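What follows is one structure encoded as structure tokens, with my remarks underneath.
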Amino acid sequence: GAGVSQSPRYKVAKRGQDVALRCDPISGHVSLFWYQQALGQGPEFLTYFQNEAQLDKSGLPSDRFFAERPEGSVSTLKIQRTQQEDSAVYLCASSLSLIVESGANTEAFFGQGTRLTVV
Amino acid sequence: AQSVTQLDSHVSVSEGTPVLLRCNYSSSYSPSLFWYVQHPNKGLQLLLKYTSAATLVKGINGFEAEFKKSETSFHLTKPSAHMSDAAEYFCSYTDSWGKLQFGAGTQVVVTP
């Protein structure tokens, strides 16, 4: 597709339920990022992939959060035993280049996000 | 620690008047800085970016920002606001991986 696609757009989960959020990055993009945006806040970094390798997962808030990108394209963010504090918009972004300082086009393109509501 | 601070959580302007959104950064070196816009139920869109090539950066939709090292600022401006500029704006910086750190955001309201 032309842009980053995320599905589902909206998800309502009962507390304790597991959820899986999908991100289809722009074809050929090496870098993929997940962010969490709570209501009224700026996005917060969760995790980063370079192709299939998860190079940084320092932002994942707990071991209930797990992300994968097994073939270096589509990524899934999984949240186990959801809690109310997990309610947020989950944003995925992809970019073409590996290194920001290279001067190459490193613009990150964002998907529309998945709004997760835990009830 | 590196960070960005957006000084205003809400800005209200009249259509046709200038817009100023303030952002200060904290970094031990010259960072790469960005402004993003987020319209309701839409993804984040890049307005402009500073990567040390020029201190005055022009972006899309008539926006521009000036990097001032002496003031550690990267304020976003537009000479004349349009109704379509009503949105949330985020200042951010990035590390070498491209990981973005965002400010808390500024909600812009444009009145007729």
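The values are calculated or read from the model by the stated rules, or taken from the named source; none is laboratory data. This is a predicted model, so every value here is computed, not measured. Note that we place each Cβ from the backbone using ideal geometry, even for glycine, and neighbour counts take in every protein chain shown. For accessibility, only protein heavy atoms count, side chains too; no ligands or nucleic acids. Shrake-Rupley method; radii C 1.70, N 1.55, O 1.52, S 1.80 Å.
Below are the figures for this structure:
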{"item": "Dimensionless Rg over Rh [chain B; C-alpha; Kirkwood]", "result": "0.95"}
{"item": "Calculated on alpha-carbon atoms, Rg and Dmax of the protein assembly as shown in Å", "result": "17.6, 51"}
{"item": "Amide H contacts under 5 Å for B:LEU48, placed H, 5+ residues apart", "result": "B:TRP35"}
{"item": "Spherically averaged projected area in nm², based on the convex hull that wraps the Cα atoms of chain A", "result": "7.1"}
{"item": "Stretchable slack from B:SER27 to B:THR72, in nm (0.36 nm times residue separation minus alpha-carbon distance)", "result": "15.4 nm"}
{"item": "Carbon/sulfur fraction of accessible area - region A:5-118, other protein chains in place, 1.4 Å, %", "result": "47"}
{"item": "Separation between Cα centres of region B:1-55 and region A:1-54, rounded to whole Å", "result": "23"}
{"item": "Average beta carbon contacts from partner chains per residue of B:35-44, 10 Å cutoff", "result": "4"}
{"item": "Shielding of A:80-93 by partner chains, average beta-carbon count, 10 Å", "result": "1"}
{"item": "Solvent-accessible area lost in complex, 40 Å² minimum, residues of region A:40-60 relative to chain alone, 1.4 Å", "result": "A:PRO43, A:PHE45"}
{"item": "FRET E, pair A:VAL74, B:TRP97, Förster distance 22 Å, beta-carbon r, rounded to 0.05", "result": "0.60"}
{"item": "Probe 1.4 Å, protein heavy atoms only - accessible area per residue of region B:3-111 in square angstrom", "result": "45"}
